[in-house]
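Only one structure is covered here, and it is reproduced in the block below.
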Amino acid sequence: MSAALRILAALGAGLVFGLGLSLSGMLDPARVRGFLDVTGEWDPSLILVLGGAVTVSALGYQLARRLPKPALAPDFQIPTNRRIDRRLIGGSALFGIGWGLSGFCPGPAVAALSTGALPVAIFVATMLLGMAVHRLLTAPKTGAVGIIER
């Protein structure tokens with residue numbers, strides 16, 4: 001398949017994803033924090049969004065198991081690593097803490113950039129900075145001083 005067709009398919013999927021996040025209320029950090037606050041004034045309204053996302057994902061994985069290959073790629077990119085280690089637990093905890101404090105996780109934060117709100121831009125910029133710092137700190141180093149390769 002052509003690169004242009006893959007890009008158009010990715011754009012379409014991203015637009016549907018962003019629209020779904022917007023319509024569901026996932027772009028409102030106060031609403032997300034209310035959903036995560038199960039010991040306070042819990043707002044269960046996002047449970048349907050979560051249930052819908054899990055259902056669509058489960059159906060997608062089942063479909064992927066039955067198809068010989070995807071329509072726009074040479075093969076499926078399904079994770080095979082099932083190991084639970086300190087890095088996974090630490091990263092999950094850090095993700096959850098950040099989500100609970102800010103009300104944003106990466107997908108909705110990028111979609112919320114469309115609102116033009118400064119706090120969203122600051123969150124996304126610091127998220128990207130954190131990703132870059134993590135990459136620098138965890139990349140394998142070569143024998144040369146100061147050179148990091150991926």
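Quick note: the coordinates plus some simple rules give every number you see, no bench work behind them. Quick caveat, the model's predicted, so the values are computed rather than measured. Here the Cβ positions follow ideal geometry from the backbone for every residue, glycine too, while neighbour counts run over all protein chains shown.
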Match the structure shown to one of the listed values (1) -0.50; (2) -0.54; (3) -0.63 of log10 I(q)/I(0) by the Debye sum over Cα atoms at q = 0.11 Å⁻¹, computed from it, and give that label. (3)
Rounded to the nearest 500, the 222 nm mean residue ellipticity computed for the chain from DSSP H runs (n ≥ 4, each -39500 (n - 2.57)) alone is -21000 deg cm²/dmol
Once Lys and Arg get +1 and Asp and Glu get -1 on their Cβ, which of Tyr61, Gly116, Thr126 lies farthest toward the positive end of the dipole of the stretch 3-138? Tyr61
Cα centre as origin, Lys/Arg/Asp/Glu Cβ charges: the stretch 3-138 dipole, Debye: 640
Pairwise label distance in nanometres, Ile84 with Tyr61, each label 7 Å out on the Cα-Cβ vector: 1.4
The chain: DSSP helices with Cα axial extent of at least 20 Å and average Kyte-Doolittle hydropathy no lower than 1.6: 3-24, 118-138
Which loop trypsin sites (Lys or Arg not before Pro) in the stretch 1-90, with loop taken from DSSP, have no more than 16 other Cβ atoms within 10 angstrom of their Cβ? Arg82, Arg83
